[in-house]
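Trainee: Please see the structure below; I have some questions.
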Amino acid sequence: MSIPTDPELLVLLDGLAHQPADALESQWLDFKQWQGPKDDLKTACETAACFANAQGGVIVFGVSDKLRGRAVAIHGAKGFDLDVFRRGIYEGVSPALSVEVSVLTVPEGTGQLLVVRVPAGEHKPYGTTAGMFKQREGKNCMPLDPQAFRLSQLRSGVVDWSGAPAEGVELADLDRVQIERARNMLRAKDPSSGLLDLAEPEFLAGLEAVRDGRVTHTGLLLFGRKDVLASRCPQAQFHYVLLRDETTVARNDIDRSPLLEIVERMDQVFQGPLNPEEELELGLFKLRIPQFPLEAVREAVLNALTHRDYSDAGEVLLRHSPDELTVTSPGGFIAGITPENILRHEPRPRNRTLANAFVKLRLVESSGVGRKRIYRSALVYGKRRPSYTATPVSVTLRIFNRGANPTLARMVSELDARGAPVTLDHLLVLDALLHADYIDTASAAEALQLPRDEARQTLELMASAQLQLLERRGHTGAATYHLAKNVATHLKGKAAYTRTRGLNPIRYAEMVREYLSDHRSIGNKDLRALLALGDSASAVVEASRLLSKWSASDGFLVKSGPVNRPHYGLKKRDGR
């Protein structure tokens, strides 16, 4: 079942002949008697918040839910303004909620019902501005459990845990060494930052580590002494595991340290011998390619520490093996973000104050480019594309140490040098084509996490004279793209381009004539098999175009058979 449409509502209303509206209600449907615009706007706000906290639903005003028979149960609604009602719900629910308000025409009562359609909320939990929080359970709106409600607010980011006061933590519990570490990090990133000129109290206030004289959770996480962290925030645990191979643990570090110390320690690990580099010569220059790009590691660690769910008792776990680096943090994605849209979705920090502090310290960007940086830092060397997976209670990022592709790294460097920089989008397409002969718009849209029109623009740019990375096959929306000859030869071997591009089009007509000397006719499927065009939509279009061209008045084929499945034979003058 799901939210009923207007036609489905009309069918349901016919059921009033045998049962009251209450029996027709469901998890997605609620009937309400019409009291008047003012009273029912309040009811609409309460019920809309209730539906938004579940899976969405529809509220129908103008139907008594206890009476049987259409004539007596349906009295209709009157005196309302659709725009006023829509705006009233938007302003009367927090966070603000956009709903669809419309009229359903019926023969009874006033002749119209007021229908409010409520989507499942993206920023749960929702409540009225008066402070009422309910959730749809079966056919009823039930109060949210206070503890579950609080956890829901924290986990969804509606309430910023990181900005709340850390109970029992005083200014004397902060470590001056960690405060100086923050200053040094900021000085290295942005020596002109105004924060560096501030005395310690103002510096802490500027980072919102202290608000109104009270230490926030952000202040505790960044600057708290280790013993204070262990007692006041035991869930702030970071676990680093170094695996020598699949079954041998070389290091197993479990610690509750201030976050900046953790970031600095991981930088040291991945700048040392545990993250060896491969040296690649690029003309007069040398490019050093680490097993795991430091930029990606730093972003992954910062993201895990910033966006984890601190109401969860779990730990941030970084598992480091020769083959891959896995970073797992407690708490699923904030509503709306998925592994399938993470490259494009606007950032939604669960811990906004902590995220802002990292931005002010110039450790992260506020625009969400960090996620793109993780991908680019791997793909620019030809390494495997990083991978996100998520459950309702955790997010895991995997960064792979597949051997670098020196040819791709060299090609990217050369294009950058001549003023034709290769973007992340270009790298994502190239990565897909390292594992496939061709890519179409639909596949590119999935790889790029973009709408098809924007994905097609990326493909066209890559096939342009400026970049010359791809070649297009076909001239419609179903066109496919493959690596250009020089690119394919260098990245995939000497035979790759010939195999992908197929037979020389100059010989197509000759091959069809030879085929028809042994067979009476040829169709679209036969032609695609003969010319090795494949079975893609663009191949069907290309075969149809060729057959139409060869069966024109000056061509060598004649068309016959049914319109939807024509076949073609040689014209008599071309017969043998």
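The values are calculated or read from the model by the stated rules, or taken from the named source; none is laboratory data. None of these values were measured; they are calculated from a predicted model. Every residue, glycine as well, gets a Cβ built from its backbone with ideal geometry; the counts of neighbours run over all protein chains shown. Quick note on the areas: whole protein, heavy atoms, side chains included, nothing else; ligands and nucleic acids left out. Shrake-Rupley method; radii C 1.70, N 1.55, O 1.52, S 1.80 Å.
Trainee: Of the residues S98, S2, only one is out of contact with any strand residue (DSSP E or B) (no Cβ under 8 Å at 6 or more places or on another chain), of a type in the set (S, T, N, Q) and within 21 Å of A130 (Cα to Cα); which?
Mentor: Selected residue: S98, the only one of S98, S2 that is out of contact with any strand residue (DSSP E or B) (no Cβ under 8 Å at 6 or more places or on another chain), of a type in the set (S, T, N, Q) and within 21 Å of A130 (Cα to Cα).
Trainee: Hey, another quick one. For segment 498-551, which positions are part of a helix (DSSP H, G or I), hydroxyl-bearing (S, T, Y) and at pLDDT below 90?
Mentor: Within segment 498-551, T498, T500, Y508, Y515, S517, S538 qualify.
Trainee: Evaluate the following for H320: is it in contact (Cβ under 8 Å) with a residue 24 or more places away in the chain, touching a Pro at 6+ places or on another chain (Cβ under 7 Å) and either open to solvent by 40 Å² or more (accessible area, probe 1.4 Å) or closer than 28 Å to P290 by Cβ (or both)?
Mentor: On the way: in contact (Cβ under 8 Å) with a residue 24 or more places away in the chain: yes; touching a Pro at 6+ places or on another chain (Cβ under 7 Å): no; either open to solvent by 40 Å² or more (accessible area, probe 1.4 Å) or closer than 28 Å to P290 by Cβ (or both): yes.
In short, no.
Trainee: Can you name every one of the strands (runs of 3 or more DSSP E) wholly within segment 387-496 that holds 1 or more residues which are under 18 Å from the mean Cα position of the chain (by Cα) and among the aromatic types (F, W, Y)?
Mentor: Where strands (runs of 3 or more DSSP E) fall fully within segment 387-496 and carry at least 1 residues being under 18 Å from the mean Cα position of the chain (by Cα) and among the aromatic types (F, W, Y), they are 387-391.
Trainee: Test A209 against the stated conditions and say whether it is under 23 Å from W161 (Cα atoms), of a type in the set (A, V, I, L, M) and open to solvent by 30 Å² or more (accessible area, probe 1.4 Å).
Mentor: Numbers: under 23 Å from W161 (Cα atoms): yes; of a type in the set (A, V, I, L, M): yes; open to solvent by 30 Å² or more (accessible area, probe 1.4 Å): no.
No; evaluated as a whole, the condition is false for this residue.
Trainee: Spot the failing condition for V327; the list is (1) in contact with a strand residue (DSSP E or B) (Cβ under 9 Å, 6 or more places away or on another chain); (2) free of Cβ contacts under 8 Å to residues at least 60 places away in the same chain, and only one is missed.
Mentor: Looking at each condition in turn, V327 falls short on (2).
Trainee: With A444, A488, A479 as the choices, which residue is crowded, with 19+ Cβ neighbours inside 10 Å, of a type in the set (G, A, S) and touching an Asp or Glu at 6+ places or on another chain (Cβ under 8 Å)?
Mentor: Within the list A444, A488, A479, the selection yields A479.
Trainee: Let me ask something additional. Mind telling me which of the residues E315, E295, E299 ends up being more than 22 Å from the chain's Cα centre (by Cα) and of a type outside the set (K, R)?
Mentor: After applying the criteria, what remains is E315.
Trainee: Among the residues of segment 38-57, is any more than 23 Å from G121 (Cβ to Cβ), surrounded by 18 or more Cβ atoms within 10 Å (Cβ to Cβ) and at pLDDT 95 or above?
Mentor: No, the conditions are met nowhere in segment 38-57.
Trainee: Only one of these conditions is not met by S192: (1) polar (S, T, N, Q); (2) open to solvent by less than 10 Å² (accessible area, probe 1.4 Å); (3) more than 32 Å from the chain's Cα centre (by Cα). Which number is it?
Mentor: (2)
Trainee: Still on this structure, I have one more. Count, please, the residues in segment 212-231 that happen to be open to solvent by 50 Å² or more (accessible area, probe 1.4 Å) and either under 26 Å from R319 (Cα atoms) or of a type in the set (S, T, Y) (or both).
Mentor: The qualifying residues number 4.
Trainee: Could you check, for segment 67-78, whether at least one of its residues is open to solvent by 30 Å² or more (accessible area, probe 1.4 Å), closer than 19 Å to G127 by Cβ and not in a loop (DSSP other than H, G, I, E, B)?
Mentor: no
Trainee: What are the pairs, 6+ residues apart or on separate chains, where a residue within segment 12-33 that is among the basic types (K, R) has its Cβ under 8 Å from a residue that is open to solvent by 30 Å² or more (accessible area, probe 1.4 Å)?
Mentor: K32/T43; K32/D65
Trainee: Return the residue satisfying two criteria in turn: it lies in segment 262-281 and is touching a residue at least 60 places away in the same chain (Cβ under 8 Å) and open to solvent by 30 Å² or more (accessible area, probe 1.4 Å), and of such residues it is nearest to the chain's Cα centre (by Cα).
Mentor: The selected residue is E264.
Trainee: Sticking with this one: Would you confirm whether any residue within segment 16-32 is more than 38 Å from the chain's Cα centre (by Cα) and either open to solvent by less than 10 Å² (accessible area, probe 1.4 Å) or among the aromatic types (F, W, Y) (or both)?
Mentor: yes
Trainee: Which one of L204, L196, L260, L221 is modelled with pLDDT of 95 or more, part of a helix (DSSP H, G or I) and either of a type in the set (S, T, N, Q) or in contact with a Pro (Cβ under 9 Å, 6 or more places away or on another chain) (or both)?
Mentor: L221
Trainee: Take the conditions exposed (fewer than 13 other Cβ atoms within 10 Å of the Cβ) and touching a Leu at 6+ places or on another chain (Cβ under 8 Å) and apply them to V249. Does it pass?
Mentor: Working: exposed (fewer than 13 other Cβ atoms within 10 Å of the Cβ): yes; touching a Leu at 6+ places or on another chain (Cβ under 8 Å): yes.
So V249 fits the description; yes.
Trainee: What is the number of the single condition among (1) at pLDDT 95 or above; (2) assigned to a strand (DSSP E or B); (3) buried (at least 19 other Cβ atoms within 10 Å of the Cβ); (4) not charged (D, E, K, R) that I89 does not meet?
Mentor: Among (1) at pLDDT 95 or above; (2) assigned to a strand (DSSP E or B); (3) buried (at least 19 other Cβ atoms within 10 Å of the Cβ); (4) not charged (D, E, K, R), I89 violates only (2).
Trainee: Take D554 and decide whether it is over 28 Å from R452 (Cα atoms), acidic (D, E) and either part of a loop (DSSP other than H, G, I, E, B) or at pLDDT below 90 (or both).
Mentor: It is true that D554 is over 28 Å from R452 (Cα atoms), acidic (D, E) and either part of a loop (DSSP other than H, G, I, E, B) or at pLDDT below 90 (or both).
Trainee: Filter segment 526-549 for residues that are surrounded by 14 or more Cβ atoms within 10 Å (Cβ to Cβ) and among the charged types (D, E, K, R); which is farthest from R456 (Cα to Cα)?
Mentor: Filtering segment 526-549 for residues that are surrounded by 14 or more Cβ atoms within 10 Å (Cβ to Cβ) and among the charged types (D, E, K, R), the one farthest from R456 (Cα to Cα) comes out as D526.
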